[in-house]
1. Net charge near Glu190, counting Lys/Arg +1 and Asp/Glu -1 over other residues with Cβ under 14 Å of its Cβ?
2. Compute the signed sum of charges (Lys and Arg +1, Asp and Glu -1) over the other residues within less than 10 Å, Cβ to Cβ, of Asp218.
3. Beta carbons within 10 angstrom, averaged per residue: use that to sort the peptides 419-425, 399-405, 126-132, highest first.
4. Using the Kirkwood radius over C-alpha pairs as Rh, can you work out the diffusion coefficient of the range 177-308 via Stokes-Einstein at 20 °C, viscosity 1.002 mPa s, in µm² per second?
5. Summing Lys, Arg as +1 and Asp, Glu as -1, what charge do residues with Cβ under 13 Å from the Cβ of Ala454 carry, Ala454 excluded?
6. Where does the range 409-452 land on the Kirkwood hydrodynamic radius, alpha-carbon pairs, in angstrom?
7. Using the Cα centre as the reference, give the magnitude of the dipole from point charges on the C-beta atoms of the range 357-468 (Lys, Arg: +1; Asp, Glu: -1; all else neutral), rounded to the nearest 20 debye.
8. Just report the Cα centroid separation between the range 367-443 and the range 205-256, whole Å.
Amino acid sequence: MSKNSYYVTTPIYYVNDVPHIGHAYSTIIADMLARYKRLSGYDVLFLTGTDEHGQKVEKAARERGRTPQQHCDLMVGPFKDLWEKLDISYDDFIRTTQERHIMVVQAIFQKLFDRGDIYKGFYEGWYCIHEETFYPESQLAEGCCPECGRPVEWLREESYYFRSSKYQDQLLQYIKDNPGFIKPDFRRNEVVSFIEGGVQDISVSRTTFKWGIPVPFDPDHVIYVWFDALINYLTGVGFLQDEEKTAKFWPADIHIIGKDIVRFHCVIWPMMLLSLGLPLPKQVLAHGFWMLGGAKMSKSTGVVVDPNRLIEEFGADSVRYFLLREIAVGLDGEFTQDALIRRLNGDLANDLGNLIHRTVAMMMKYFDGDIPEAGGLGPLEVSLKEEALGLQQVVDESINKTDIREALVQVWRVIGRANKYIDEAAPWALAREGQSEKLKTVMRTLLETIRVIAVLISPVMPETAEKIWDQLGQANFTSVTIEDSKRWDMLAPGTSVKKAAPLFPRIELKIGES
Ligand code: ME8
């Protein structure tokens, strides 16, 4: 029987500059979901990539004395490097300048034109080059772009239009019938009010610059960068290239995006799909922004945190954990290095690190590392075992609600419980009193709990999970599945734990640093 499929995407990032923590955040959420679903036996397609067309990229290239293509080829590097450093397990990396994508975009444009959903007209209005968007006069902020505050230009150009207005009622009905489509709920309400306010046909071609995919039947026009970019999600599943793959992975299970691009993903994209007669994605999850000193972190303002520096200093897993644990997915969060260090010292070094360190040290001391069999479980052991074996279900429920933070809170609840169990069971007293059978049971209970925890943190902290696996003396980490977190007494007989350097050394907090 074929496995269940799961298709998860990130936004494709503009190559006008290098990635910052905000981009890393979207990608880490997607990676965590991809890893969790793989662990749960799904056949996963995880797509990320870069958005390389449009006036903004053309301008960035010109300013650096490069051709747009040279610029894109250079700027893809920092994204791929960062994803490697962050252990991002993407299956495919799409670039919108690839032939496969150009073919799909042109074919879709033609198809929508042929069925009368794209038509030719004129566009005039206030345009912000930076945001690649026209704004109605009423939306301007003191005559400037409402998004980035830059001056806007009055543009009049011949343009092709997409008949979005035609799909307004159908989309509204879909959103109402599928409450899980747009998450969080408050974003869905915003989208519903926006659509109810009336959706205009949108301009989907430009003649004022060249860096884009040409309209197949009118090469003076290049296709609007957002029309081009959204289609990446179809190119990535082999649309018009590989029927079997498309049938398997479309519709997407989840598009991870930031709150800034909700309208594109929850209004325009579904309308394009309705026009194509394709099913809509099952879910669009809009996360909040990471802020720095109260301002949105953004490439164009230079208010950024370089993830490379954080990874070098604190390690990829700490950064991944912090970003997923610190804020609930839909909300904004202020990024400070102090907060990261507090999580590292508290949750990682004190709670998780200590649990493993203490357990391994006692194993060395009492059993030379050899993993013992458990005898009969007492009430404390039964209670910890129940909590550990019940954890997967709670984590699963949280993840399926895309409440990743809650999933982590639940794992840390059991870590806390296990630390408390050490104090309650007092293995040192058992050793002193020569109660060796009871001591074996206590140590085995701790080791099994740690094993369960290692499985369940692996989507968030893959490197740490593997190190823990190794310290438990277990092999074949890559063949671990979610089932291993639901079973007890899985540590292979005759294996021994290994002593290793602490997983998370404590970091000194320098006052005033952020
Ligand atoms: O919008 N906090 O690309 P982009 C959290 N190419 N997330 C942030 C962030 C912040 N401060 N800043 C950016 C584009 N992001 C288009 C997308 S998709 C078909 C085309 C994240 O390079 C967030 O996910 O500007 C946001 O949606 C994405 O980066 C935008 O990246």
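1. Values: positive: Lys183, Arg187, Arg188, Lys259, Arg263; negative: Asp185, Glu196, Asp260.
Here the charged neighbours net out to +2.
2. Values: positive: Lys120; negative: Glu158, Asp220.
Result for the neighbourhood of Asp218: -1.
3. Details: 419-425: 15.9, 399-405: 17.7, 126-132: 19.7.
Top of the packing list down: 126-132, 399-405, 419-425.
4. Numbers: Rh = 17.0 Å.
Taking Rh from Cα pairs, D becomes 126 µm²/s.
5. On the way: positive: Arg451, Lys467; negative: Asp317, Glu448, Glu463, Glu466, Asp470, Asp484.
Net local charge, Ala454 excluded: -4.
6. On the way: mean 1/r = 0.0918 Å⁻¹.
Taking every pair of different Cα atoms in the range 409-452, averaging 1/r and inverting gives 10.9 Å.
7. Numbers: 14 positive and 17 negative charges, 52 e Å.
For the range 357-468, the charge dipole is close to 240 debye.
8. 50 Å
The values are calculated or read from the model by the stated rules, or taken from the named source; none is laboratory data. Values in this document were obtained by computation on a predicted structure and should not be read as measured data. Reconstructed Cβ throughout: ideal geometry from the backbone, glycine too, with neighbour counts over all protein chains shown. Calculation scope for accessible area: heavy atoms of the full protein, side chains included, ligands and nucleic acids excluded. Shrake-Rupley method; radii C 1.70, N 1.55, O 1.52, S 1.80 Å.
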